[in-house]
1. Take the residues in segment 136-146 that are of a type in the set (S, T, N, Q) and buried (at least 17 other Cβ atoms within 10 Å of the Cβ); name whichever of them is farthest from Pro168 (Cα to Cα).
2. Restricting attention to segment 190-203, does a residue exist that is aliphatic (A, V, I, L, M), at pLDDT 95 or above and in contact with a strand residue (DSSP E or B) (Cβ under 6 Å, 6 or more places away or on another chain)?
3. Of the numbered conditions (1) at negative phi; (2) within 20 Å of the chain's Cα centre (by Cα), Lys11 fails exactly one; give the number of that condition.
4. Could you tell me which of the residues Ile47, Ile6 is under 15 Å from Leu232 (Cβ atoms), in contact with a strand residue (DSSP E or B) (Cβ under 7 Å, 6 or more places away or on another chain) and hydrophobic (A, V, I, L, M, F, W, C)?
5. Taking segment 77-90, which residues are farther than 26 Å from Asn58 by Cβ and either in a helix (DSSP H, G or I) or without any contact (Cβ under 8 Å) to a residue 24 or more places away in the chain (or both)?
6. Quickly run through segment 147-160 and pick out the residues that are surrounded by 14 or more Cβ atoms within 10 Å (Cβ to Cβ) and in a helix (DSSP H, G or I).
7. Return only the number of the condition from (1) over 28 Å from Thr19 (Cβ atoms); (2) in contact with a Lys or Arg (Cβ under 7 Å, 6 or more places away or on another chain) that Val142 does not satisfy.
Amino acid sequence: MRKKLIAANWKMFKTPNQTRDFFRDFLPLVKDHDRDEIVVCPTNLCIDAAVAAAKGSNVAIGAQNLHWEKEGAYTGEVNAAMLQAVGVTHVIIGHSERRQYFGETDDTVNLKLKSALEAGLIPIVCVGEVLEEREANLTDDVLRRQSLRAFHKVSAKKAASLVVAYEPVWAIGTGKTATPQMAADAHAIIRAEAAESFGKEFAENLRILYGGSVKPENAHALMSEAEIDGALVGGASLDPKSFTAIVKY
């Protein structure tokens, strides 16, 4: 059985004080929850507060992005070693908003994945189609391309900790959600590509999360699908009670 992973992507929300307040309220609600892995990914400025607040708990702290180089003249960027040094264990790579607004490509996703794995971080690689692609019946092609490019020249041994998140871009922050069946179908495509790249056994153990307007109301139906191994949660993860309801689906 693949252990489900429920990850919070806070995007550009919360100050360090608000982060501390969140963990003060959230941790008691999930303190005995060991069925699933729980990760919270705040902004870089709030990582320190989150790591301190979550210390000794069952909640891990992730980052929302990283640069692939070890160091250099890359103003505004942080690398894998810096994230590790402050207590980060997971990192989101290639979120659709990074692709849409900041020029992230399948190739930069691949470079970031290699860098994260090299450093021992657990990467959560995001893939997913936009509305025009779904309406043109291109979902399969898009998922195959994004997966294959992300996995390019990564060995199965190196990729052991890899997590993939399927996020249909048309469902992010729109209130629209892929039906559990649509999500399961997409996950099956991604798993097949992982089998091509890393082998059948690897693919069977690969955790694939669903993201895109995950809420307390739909979490149970989504998590009941055998192909769905957890969730990457945006807006609904900002409130301790709402995120707890998703964790406890």
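1. Of everything passing the filter in segment 136-146, Gln146 is farthest from Pro168 (Cα to Cα).
2. Of the residues in segment 190-203, the ones aliphatic (A, V, I, L, M) are 190, 192, 194-195, 203.
Filter again for at pLDDT 95 or above, leaving 190, 192, 194-195, 203.
Checking the rest, the ones that are also in contact with a strand residue (DSSP E or B) (Cβ under 6 Å, 6 or more places away or on another chain) come to 190.
Checked segment 190-203: at least one residue is aliphatic (A, V, I, L, M), at pLDDT 95 or above and in contact with a strand residue (DSSP E or B) (Cβ under 6 Å, 6 or more places away or on another chain).
3. Only one criterion in (1) at negative phi; (2) within 20 Å of the chain's Cα centre (by Cα) is unmet by Lys11, namely (1).
4. On the way: Ile47 fails: under 15 Å from Leu232 (Cβ atoms).
When all the criteria are applied, what remains is Ile6.
5. Of the residues in segment 77-90, the ones farther than 26 Å from Asn58 by Cβ are 77, 79.
Glu77 - this is the single residue of segment 77-90 that is farther than 26 Å from Asn58 by Cβ and either in a helix (DSSP H, G or I) or without any contact (Cβ under 8 Å) to a residue 24 or more places away in the chain (or both).
6. Here is the first cut: in segment 147-160, the residues surrounded by 14 or more Cβ atoms within 10 Å (Cβ to Cβ) are 147-152, 154, 156, 158-159.
Hits for segment 147-160 are Ser147, Leu148, Arg149, Ala150, Phe151, Lys158, Ala159.
7. (2)
Quick grid of which residues meet (1) surrounded by 15 or more Cβ atoms within 10 Å (Cβ to Cβ); (2) free of Cβ contacts under 8 Å to residues at least 12 places away in the same chain:
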site: Pro16; (1), (2): yes, no
site: Arg20; (1), (2): yes, no
site: Asp34; (1), (2): no, no
site: Ile38; (1), (2): yes, no
site: Thr43; (1), (2): yes, no
site: Ala49; (1), (2): yes, no
site: Ala53; (1), (2): yes, no
site: Gly56; (1), (2): no, yes
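The values are calculated or read from the model by the stated rules, or taken from the named source; none is laboratory data. No experiment lies behind these values; they were computed from the predicted model shown. Heads up, the Cβs are rebuilt from the backbone with ideal geometry, glycines too, and the neighbour counts pull from every protein chain shown.
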